[in-house]
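Coordinate-derived values only; no laboratory data. These numbers come from a predicted model, not from an experiment. Methodologically, a virtual Cβ is constructed for each residue, glycine included, from the backbone with ideal geometry; neighbour enumeration extends over all protein chains shown.
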Amino acid sequence: MTRLQDKVAIVIGAGQSPGPTIGNGRATALRFLQEGAAVMAVDRNADAARETVEMANDSARADGAYFAADVTDAKSLRAAVDETMRRWGRVDILHYNVGVNVLGNDQPLESLTEDIFDSVNAINLRGAIMAAQAVEPIMRAQRSGVVVNVSSMSAIETTTPYVTYRTSKAGMIAFSQQFAVRNAEYGIRCNAILPGRIETAVAVDARAERSGRSREEIASERAARIPLAGHTPTGWDIANAALFLASDEAAFITGVSLPVDGGSLVTIG
């Protein structure tokens, strides 16, 4: 349990939407703490970020703090990075796990408005870019660092009707590749994770609430579309992938997009 020993990580989106299952961001923050990293848990909801840190603080080894930041405000993101530097003096890992779809009122093309397009992009894509911009000079000075961006299987598959979510997540893949190449000479790595139909509160409970259908019906419908049987995908699956990419075990991996989807993308080649 020391794969991130002496590392300092910023997890943006470390809070938790209401629901019975753990979210990707909270699970990742907890896994990083379990593996020895000091973690700044960043979320728009300060109480949710605090709860994440308190869950980890049951362990005497855990070194976590939380910070309230709005990803649509670059100054807010820089303040979170500044607080991390003030507290620990370095940033080894930036993990960006913020994204909205139905909760951002994303729409199919025929009903999409400029305001919806701009607001979803500001959260999903611009926030990731501005966060990376804030840590880049720090990591370059260290000549080391890892950025992990949580994109989506939707960036590649074609079944989602929502325009902005898909295009913003595809943009995140393109930016991750660009950032990887741009910073390779400094020993900085950048990769993206493409979650599939993970059973989280955002993915299941929010859809159930908006549609008026039961949570069980939504979860069962999503599970039926996953080729890999025998495993219920949760935020821990994303967290474990993030842990690998953030660790030295992935020291020669940069610019990749890693599907964590139970084989869903295989069905479209």
Q. Under a GNM of the chain (C-alpha, springs under 10 Å), which listed residue has the highest mean-square fluctuation: 217, 35, 51?
A. 217
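Please compute the length gained on full extension between residue 109 and residue 185, using 0.36 nm multiplied by the number of residues separating them and subtracting their Cα-Cα distance.
Working: separation 76, 0.36 × 76 = 27.36 nm, distance 4.06 nm.
Contour length minus Cα-Cα distance gives 23.3 nm.
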Q) What residues have an amide H closer than 5 Å to that of residue 260, excluding those fewer than 5 places away on the same chain, when H is modeled at 1.01 Å from N in the peptide plane? A) 194, 196
**Q.** In nm, spacing of pseudo-spin labels at residue 47 and residue 228 (7 Å Cα→C-beta vector)
**A.** 3.6 nm
Q: Could you check the simple spin-label distance between residue 140 and residue 216, using points 7 Å along Cα→Cβ, in nm with one decimal?
A: 5.6 nm
Q.
Under 10 Å, Cα contacts only: if you run a Gaussian network model on the chain, which one of 25, 212, 104 comes out with the highest mean-square fluctuation?
A. 212
Q. Could you give the distance between the Cα centres of the range 235-265 and the range 73-105, to the whole Å?
A. 20 Å
Q) Given H placed on each backbone N at 1.01 Å, which residues far from residue 147 in sequence or on other chains put an amide H within less than 5 Å of it? A) 94, 189, 190, 191
Q.
Taking 0.36 nm per residue of sequence separation and subtracting the Cα-Cα distance, how much length would be gained by fully extending the chain between residue 174 and residue 2, in nm to one decimal?
A. 58.8 nm
Q | For the chain, built as a Gaussian network whose Cα springs stay under 10 Å, the top-fluctuating residue of 49, 38, 174 | A | 174
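Can you name the helices of the chain, as whole DSSP H runs, whose Cα span along the helix axis is 18 Å or more and whose Kyte-Doolittle mean is not below 0.5? If you can, show how the numbers build up before the last one.
Values: long enough: 74-88 (21 Å, -0.77); 127-142 (23 Å, 0.56); 163-183 (30 Å, -0.11).
What comes out of the filter, once short or polar helices are dropped, is 127-142.
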Q: Note down the net charge around residue 69, summing +1 for each Lys or Arg and -1 for each Asp or Glu among other residues with Cβ under 11 Å from its Cβ.
A: -2
